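Q: Below is the structure I would like to discuss, written out as structure tokens.
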Amino acid sequence: MTPPPDLSTLEAAAAFVRQRWPEVSAPRAVICGSGWSSVLEDLEVTDRISFADIPGFGAPGVVGHTGALCLAKAEDHPVLVFQGRRHFYEGVGWTPIAIPIYLCLKFGVSDLLLTNSAGAIHPDFSPGDLMLITDHINWMGENPLVGPHQPLWGPRFPDQSNVYHPKAREQLKQASRQSQVALREGVYLATRGPVYETPAEVRACRSAGADAVGMSTVPEAMLASAAGLRVGGLSCMTNFAAGILDQPLTHDEVTTTANKAMPRMKALLRAWCALPTG
Ligand code: HPA
């Protein structure tokens, strides 16, 4: 079993950021998954801290994940933007995955948006589609809440009926209407990675009820919702999941498709940032 997030490291990370940003409080935060980091180009960035400088965090080891915590302004509202994320498949445990959630808790965030790139499984979905995550399936084989009960992360047995908060889902739909960016809706399934799935696994994901598959987001959603944050989730379909087309999957395909979808991702994010929080 992977040990749970280490609280003293989380505290050291928060103390470091607090020292750099003594006055900061932001109601919204976004964690940018593969291909999403450029959404920041549309926001006014006031400061930036490299993940590598934050104790216990470390730089993400994935192309397309910048690895910076940015303090930004959208329509005059402050927003914390994590450009990139750490993944469970990096083999560094849960602490770096929990740090952004802990920082959200310490910096006044109420609404957290998790984004990722994913393989499309639903037969109507195509690369470039954006999907509102309505629910998830954890096929990582582990979860970050295993271990002694830590009240920071809510009750011992957190309810999972609405991990993606109804209000967050409604706001993302409102942002979609206002920006005229179409949103699919569906269930995201997370594997441990770092391998893409086999065609047989994709068929199993489909029978299990998944519409999209990826290697992230689910642990953060579990921690953040258990800790009382309103969690929203968006996936960019960057490819057909394995076996749908007769061609191999590559990370290049993932980043190229996400870049093509970028104008829509930016418009959606801008509209979301302009909505009221609380
Ligand atoms: N599978 C898993 N993770 C992914 C995929 C995929 O097809 N595309 C982008 N991230």
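The values are calculated or read from the model by the stated rules, or taken from the named source; none is laboratory data. Worth saying up front: this structure is predicted, and the values here are computed from it rather than measured. All Cβ positions, even for glycine, are placed from backbone atoms using ideal geometry, and neighbour counts span all protein chains on display. The accessibility values were calculated without ligands, DNA or RNA, using every heavy atom of the protein model including side chains. Shrake-Rupley method; radii C 1.70, N 1.55, O 1.52, S 1.80 Å.
Q: At q = 0.11, 0.12, 0.17 Å⁻¹, what is the base-10 log of I(q)/I(0) for the chain according to the Debye formula with one equal point scatterer per Cα and no solvent? Please give it to two decimals.
A: Debye curve over Cα of the chain, log10 I(q)/I(0) at q = 0.11, 0.12, 0.17 Å⁻¹: -0.56, -0.67, -1.46.
Q: Going by average Cβ density within 10 Å per residue, which order do the peptides 33-40, 111-118 take, highest to lowest? Write down the numbers at each step before the final one.
A: Numbers: 33-40: 24.6, 111-118: 27.4.
Averaged packing, sorted descending, gives the order 111-118, 33-40.
Q: Magnitude of the Cβ-charge dipole of the chain, K/R +1 and D/E -1, about the Cα centre, nearest 20 debye? Write down the numbers at each step before the final one.
A: Working: 22 positive and 26 negative charges, 83 e Å.
The dipole magnitude comes to about 400 debye.
Q: Suppose R0 equals 41 Å; then what is the FRET efficiency for VAL45 and ASP246 from their Cβ-Cβ distance, rounded to the nearest 0.05?
A: Values: r = 43 Å, r/R0 = 1.04.
It comes to 0.45.
Q: For region 153-278, go through all pairs of different Cα atoms, get the mean of 1/r, take its inverse, and jot down that Kirkwood value in Å.
A: On the way: mean 1/r = 0.0615 Å⁻¹.
This gives a value of 16.2 Å.
Q: A further question on this structure: For the chain, modelled as a Gaussian network with Cα springs under 10 Å, which listed residue fluctuates most, ARG28, ARG230, ARG206?
A: Comparing ARG28, ARG230, ARG206 in a Gaussian network model of the chain, the most mobile one is ARG206.
Q: Place +1 on the Cβ of every Lys and Arg and -1 on the Cβ of every Asp and Glu in the chain, take the dipole about the Cα centre, and give the residue among GLY93, SER34, GLY233 whose Cα lies farthest towards its positive end.
A: GLY233
Q: Another one. Accessible area per residue for region 162-227 in Å², computed with a 1.4 Å probe and the full protein assembly in place, what is it? Let's see the in-between values first.
A: Values: 2760 Å² over 66 residues.
Using a 1.4 Å probe on heavy atoms only, each residue of region 162-227 averages 42 Å².
Q: If you don't mind, another one. For GLU75 and ILE137, what does the FRET efficiency come to when R0 = 25 Å and r is the distance between their Cβ atoms, rounded to the nearest 0.05?
A: Working: r = 35 Å, r/R0 = 1.39.
It comes out at approximately 0.10.
Q: Looking at the chain as a GNM with Cα springs under 10 Å, which of SER207, SER179, SER50 has the largest mean-square fluctuation?
A: In this elastic network of the chain, the residue with the biggest mean-square fluctuation among SER207, SER179, SER50 is SER207.
Q: Using a/c under 1.5 as the rounded threshold, could you call region 88-147 rounded, prolate or oblate? The axes a ≥ b ≥ c are square roots of the C-alpha gyration tensor eigenvalues, and prolate needs a/b larger than b/c, oblate otherwise.
A: Working: a/c = 2.41, a/b = 1.47, b/c = 1.63.
It comes out oblate by the Cα gyration axes.
Q: If you take the square roots of the eigenvalues of the alpha-carbon gyration tensor of region 176-224 and sort them as a ≥ b ≥ c, do you get rounded (a/c under 1.5), prolate (a/b over b/c) or oblate?
A: Numbers: a/c = 2.40, a/b = 1.49, b/c = 1.61.
It comes out oblate by the Cα gyration axes.
Q: As I understand it, the dipole of region 207-278 uses +1 on the Cβ of Lys and Arg and -1 on the Cβ of Asp and Glu, about the Cα centre. Which of MET222, ALA242, LEU268 lies farthest toward its positive end?
A: LEU268
Q: Once you sort the root eigenvalues of the Cα gyration tensor of region 1-139 as a ≥ b ≥ c, which label holds: rounded (a/c under 1.5), prolate (a/b larger than b/c) or oblate (the other case)? Let's see the in-between values first.
A: Working: a/c = 1.82, a/b = 1.22, b/c = 1.49.
In terms of gyration-tensor shape, oblate.
Q: Additional query: At 1.4 Å probe size, with every protein chain present, just tell me what the per residue accessible area of region 1-150 comes to in Å².
A: On the way: 5460 Å² over 150 residues.
Heavy-atom SASA per residue in region 1-150 reads 36 Å².
Q: Hey, another quick one. Report the residue, chosen from LEU234, LEU130, LEU183, that carries the largest GNM mean-square fluctuation when the chain is represented by alpha-carbon nodes joined by springs under 10 Å.
A: Checking each option, the largest mean-square fluctuation is seen for LEU183.
Q: Considering only protein heavy atoms and a 1.4 Å probe, what is the carbon-and-sulfur percentage of the accessible area of the chain?
A: That share works out to 52 percent.
Q: What share of the DSSP beta bridges in region 131-278 is antiparallel, in percent to the nearest 5? Working shown, then result.
A: Values: 2 of 13 bridges.
So the antiparallel bridges amount to about 15 percent of the total.
Q: Let me ask something else about it. If you take every DSSP beta bridge fully contained in the chain, what fraction is antiparallel? Give it as a percent rounded to 5.
A: On the way: 18 of 48 bridges.
Taking every DSSP beta bridge with both residues in the chain, the antiparallel ones total about 40 percent.
Q: Cα centroid distance between region 243-278 and region 21-95, in Å?
A: Centre-to-centre (Cα) distance: 17 Å.
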